[in-house]
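Chemist: Pasting a structure below so you can have a look.
Read the figures in this text as sums done on the coordinates, not as results from a lab. Being a predicted model, the structure only gives us computed values, none of them experimental. Every residue, glycine as well, gets a Cβ built from its backbone with ideal geometry; the counts of neighbours run over all protein chains shown.
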Amino acid sequence: MLDKIKEFASEFFVTGDPLIYGADVSIGLTLIAVVTALTYFKKWTWLWRDWLTTVDHKKIGIMYVIASLLMLFRGGVDALLMRTQLAIPDAEFLSPEHYNQIFTTHGVIMILFMAMPLMFGLFNLVIPLQIGARDVAFPFLNSLSFWLFFFGAMLFNVSFVIGGSPDAGWLAYPPLSEMSHSPGVGQDFYIWGIQISGIGSLMTGINFVVTILKMRTPGMKLMKMPMFTWSVLSSSLTILLAFPILTVTLALLFIDRYFGAHFFTLDGGGNPMMYINLIWMWGHPEVYIIVLPAFGIFSEIVATFSKKRLFGYKSMVFALMSISLFSFFTWAHHFFTMGSGANVNIFFAITTMIIAIPTGVKVFNWLFTMFRGRISFKTPMLWTIGFIPCFIVGGMTGVLLSVAPADFQFHNSYFLIAHFHQVIIGGVAFGFFAGLYYWWPKVFGFKLNEKIGKWAFWTWNIGFYVCFMPQYVLGLMGMTRRVSSYGWDKGWYELNLTSTIGGFLMGIGFLFQVWQILHSIKFMEKDTTGDPWGGRTLEWSIPSPAPVYNFATLPQADEKDPWWEEKRRLAEGGAPKPQSKLEPIHMPKNSGVPFIMSAFWFVAGFGLVFDWLWMAIPGLIGVGACMLYHSFNYNTDYYIPVDEIKRTEAAARRVI
């Protein structure tokens, strides 16, 4: 009996690597610390009532941000482990198998479990406030979306210590991801972690499309919406069309692995290239899904800190929607070398060049907005200005990669790695950092320390260029991606060491950001105005942080930048706009069903990973039971009485 238990444990848990043992200890100590703190301070009820069951978009947004920052730490550690391995030739810090697992999990975590939730967090924190709404269109669905993402991410991350991580690359190309090459459970963790979180992502896309189209405040027509709202709409529409492709593709891969089908295996009449086409039909729009909201963030920040209306509003809207459309016609530029023929390559080369045009238009819009503006170089503006040269280089190298003959040289080289990170870090990460700094006072009621923030900015930026500029050269020298070691005779040592130093500088930049947050919490500089930056849109017209109902009365937004225009009118001696009579506010009730249903999804996914039907089937039954319960639950809302609204508003005025 004891031998059987030992055999099971040796297969169930990941063993034999000191790094894994260290992770086991740190995870265990963290869990013990969290449970002990919640018990000691008697916060279990508070945790359940105020957070685990909340449907308030602001709290859901905060949970998204916290989860994404934790995933940024995990993915960043993976990156530093890889750079440590590559710092010197013939290094043995990581085994080839462990290196494959780390670069696979790094890519998945950074795109799907860091960038996506950070984006969704900003959606939740800002969009209802910008459009003058009291919540999103479907609050229950919003909560379910978050918990599906969270439990999907946890299912993927638990593979680090249980069963073994996937190692077929972040997009899991067959045959590496088929049973013939990945017989373990790591690839199944990949499939079900992404499937469960992907359902939540699709729900979020639906929710914000409906929210933006149907819940805008009176007077706010489409062409009067803030630019961030436009960027979220374009991103959400892209999600609606792209994520079903991912769901079907991974379902087909699971059928291959679980039932022995041959959709993507040559020996049974399938074709691996079908998978690669499908995954990139999702994958390239995914890049624009996460970068479009960053464009909207930069537009808000540039206008605010230049104290000017955004230049070329209509052209910016056209550019955003054009990128959303054309993103579905460029996927094959990821594999010009697959042998489709010259005509196919020409088509996708041209579409890739075309999509660069609206992207370039936006850069000129931002530059012309800053032109002759009274620019204030606060931290959000620094990240915006730092983004522009970085993204220009990323865009130019993208155009180089779009030239099909040249791509035969660049393909699968470190030139591509450098380009991808130039766009994702320089565009997405810098954009979302800028957004966090910009809206932080609105969300939490206090500003982040500017001095430490500038240290973080410069460390991140210097580290970024030191890390990735050498990789362009390494790619041209012939270094290919996914290599875990190289010889002294290659001549790559100096550039790889330089790149590793840059990677650790970015890690130090992240530590500066953590210090900045902790320092700002301790030495709190409260926002007593509700409008610390001199903002232009409706979120700055209410107290910081916003009350649970957001707006006591719905604002009238008859112009672009309605709050800026209202402040200008009052400064010129105009009378304040008449306020509507206070009425009871209809709000959604908290619900534990999303959390419980998502936990059942985790159980079902875990059972399917290990082929334990005794676990998977009850998990799916639990999911169905939660859906059935919610279908017959009519006690889902309540009204905030006028007296409570008056007390809340009076308290907010005393603070301001």
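Chemist: Which order do 41, 415, 254, 263 fall in if you start with the one that has the fewest other Cβ atoms within 10 Å?
Modeler: Going from least to most buried by this count: 41, 254, 263, 415.
Chemist: Stretch residue 50-residue 482 to full length: gain in nm at 0.36 nm per residue minus the Cα-Cα span?
Modeler: Taking residue 50 through residue 482 to full extension adds about 151.1 nm, to one decimal.
Chemist: Using DSSP to call loops (not H, G, I, E or B), can you name the GluC sites (Glu not before Pro) in the stretch 556-656 whose Cβ has at most 14 other Cβ atoms within 10 angstrom?
Modeler: Those satisfying the criteria are 559, 572.
Chemist: Which translational diffusion coefficient, to the nearest whole µm²/s, is obtained for the stretch 307-351 from the Stokes-Einstein equation, given a Kirkwood hydrodynamic radius over C-alpha pairs, 37 °C and 0.692 mPa s?
Modeler: It diffuses with D of about 260 µm²/s by this estimate.
Chemist: Which three extents, in whole angstrom, do the alpha-carbon atoms of the stretch 543-656 cover along their principal axes, largest first?
Modeler: 72, 30, 27
Chemist: Against the empirical 2.2 N^0.38 Å scaling, what ratio does the C-alpha Rg of the stretch 21-88 come to?
Modeler: This ratio for the stretch 21-88 stands at 1.51.
Chemist: Using a Debye calculation, one point per C-alpha and no hydration shell, please list log10 I(q)/I(0) for the stretch 592-636 at q = 0.25 Å⁻¹ in order.
Modeler: Debye intensities relative to I(0), on a log10 scale: -0.76.
Chemist: Can you give me the convex hull volume of the Cα atoms of the stretch 132-277, divided per residue and expressed in Å³?
Modeler: Output value, Cα hull per residue: 122 Å³.
Chemist: What is the magnitude of the charge dipole of the chain about its Cα centre, with +1 placed on the Cβ of each Lys and Arg, -1 on the Cβ of each Asp and Glu, and no other charges, expressed in debye to the nearest 20?
Modeler: 2820 debye
Chemist: Over the Cα atoms of the chain, what Rg and Dmax result, in angstrom?
Modeler: Considering the chain through its Cα atoms, Rg and Dmax are 25.1, 86 Å.
Chemist: Past 22 Å, Cα to Cα, is the threshold; run 224/307; 221/378; 308/567; 307/362; 224/581 against it and keep the listed order.
Modeler: Check vs 22 Å cut-off fails for 221/378; 224/581.
Chemist: Something else now. Let me know the whole percent of all Cα-Cα pairs from the stretch 250-321 that are separated by more than 14 Å.
Modeler: 72 percent
Chemist: In addition: May I have the convex hull volume per residue, in Å³, for the Cα set of the stretch 397-462?
Modeler: So the per-residue Cα hull volume is 90 Å³.
Chemist: Note down the Stokes-Einstein diffusion coefficient of the stretch 155-194 in µm²/s, whole number, using a Kirkwood radius over alpha carbon pairs, 4 °C, and 1.567 mPa s.
Modeler: Answer, rounded: 133 µm²/s.
Chemist: Compute the Kirkwood hydrodynamic radius of the stretch 225-350, taking the inverse of the mean of 1/r over all pairs of distinct Cα atoms, and give it in Å to one decimal.
Modeler: Kirkwood hydrodynamic radius for the stretch 225-350: 16.6 Å.
Chemist: Can you grab the distance from the C-alpha centre of the stretch 15-83 to the C-alpha centre of the stretch 301-350, Å, no decimals?
Modeler: Distance between centres, Cα-based: 36 Å.
Chemist: Using the Cα centre of the chain as origin and beta-carbon charges of +1 (Lys, Arg) and -1 (Asp, Glu), tell me which of 517, 14, 2 is placed farthest towards the positive end of the dipole.
Modeler: About the Cα centre, the residue reaching furthest to the positive side is 517.
Chemist: Next question, about the same structure. Can you tell me what percent of all Cα-Cα pairs in the stretch 1-128 are more than 22 Å apart?
Modeler: 57 percent
Chemist: Taking neighbour Cβ counts within 10 Å as the exposure measure, how do 484, 340, 598 sort from fewest upward?
Modeler: Least crowded to most crowded, the residues run 340, 484, 598.
Chemist: Quick one: Debye curve from the alpha-carbon atoms of the stretch 345-493 only, equal weights, vacuum; give me log10 I(q)/I(0) at q = 0.10, 0.13, 0.15 Å⁻¹ to two decimals.
Modeler: Here the Debye-derived log intensity ratios amount to -0.46, -0.72, -0.89.
Chemist: Please tell me the relative contact order of the stretch 540-616 in percent, rounded to the nearest whole number, where contacts are Cα pairs under 8 Å and at least six residues apart.
Modeler: 21 percent
Chemist: Right, next: Taking only C-alpha pairs under 8 Å that are 6+ residues apart, what is the relative contact order of the chain in percent?
Modeler: Over the chain, the number comes to 17 percent.
Chemist: Now a separate question. For the stretch 78-132, what is the convex hull volume of its Cα atoms per residue in Å³?
Modeler: It comes to 67 Å³ per residue, whole-number rounded.
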